Amino acid sequence: MRSITAIIAAFLLVGCAGRGDPGAQPGPDEPTSTVLPSPTGPIPEPSPSMVRPRDGLVEPRPVALEGIEPLGPDRLLATFYGGVEECYGVARVDVEETSDAVTVTVYEGRVPEAEVCIDIALLKGVVVTLDAPIGDRQVVDGAA
């Protein structure tokens, strides 16, 4: 409790330092600063929103993968940044398997009826099932 009180007091002192009037707001040309405490642990990784390929999307284009991780001997999780589901979705996932490599290409398409779409990237994930176990084959992003 004592350390929390000390942090609050330090924050208030830094916030008020250099001001003649404690209630005065800084002018547009005056620098401002905020002291934030350091996080106490690792910053959590974002979790992908799980999606599946769907029909009816237009203008499919390959998207760069953020990551590919195994979910089992013959299943992968491909993650990527894509648009909001009301406007965009996974049109298809192409998988090419050879004895040396597995190439995964995710295609994102646009919903034809969508007229106004916000331009924001969301982390998405799609599960890919292989014909054979991954083994020691290299996994490659087909959009790279």
Original post:
For Val51, which of the numbered conditions (1) more than 27 Å from Ala121 (Cα to Cα); (2) modelled with pLDDT of 60 or more; (3) surrounded by 12 or more Cβ atoms within 10 Å (Cβ to Cβ) fails to hold?
Top reply: (1)
Original post:
Has the range 34-43 got any residue that is of a type outside the set (A, V, I, L, M) and touching a helix residue (DSSP H, G or I) at 6+ places or on another chain (Cβ under 8 Å)?
Top reply: yes
**OP:** Please go through the range 105-120 and pick out each residue that is among the small types (Gly, Ala, Ser) and modelled with pLDDT of 95 or more.
**Re:** Gly109
Subject >> Selection from the range 94-116 of residues that are acidic (Asp, Glu) and more than 16 Å from Ala64 (Cβ to Cβ) >> reply: Glu96, Glu97, Asp100, Glu113, Glu115
Original post:
Are any residues in the range 120-144 free of Cβ contacts under 8 Å to residues at least 12 places away in the same chain and in contact with a Leu (Cβ under 7 Å, 6 or more places away or on another chain), and if so, which ones?
Top reply: none
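Conditions (1) touching a residue at least 24 places away in the same chain (Cβ under 8 Å); (2) basic (Lys, Arg); (3) part of a loop (DSSP other than H, G, I, E, B), marked per residue:
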| residue | (1), (2), (3) |
| --- | --- |
| Pro44 | no, no, yes |
| Glu59 | yes, no, no |
| Gly89 | yes, no, no |
| Ile118 | yes, no, yes |
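The values are calculated or read from the model by the stated rules, or taken from the named source; none is laboratory data. Since this is a predicted model, take the numbers as computed values, not measurements. A quick note on method: Cβ atoms are made from the backbone with ideal geometry, for glycine too, and the neighbour counts reach across all protein chains shown.
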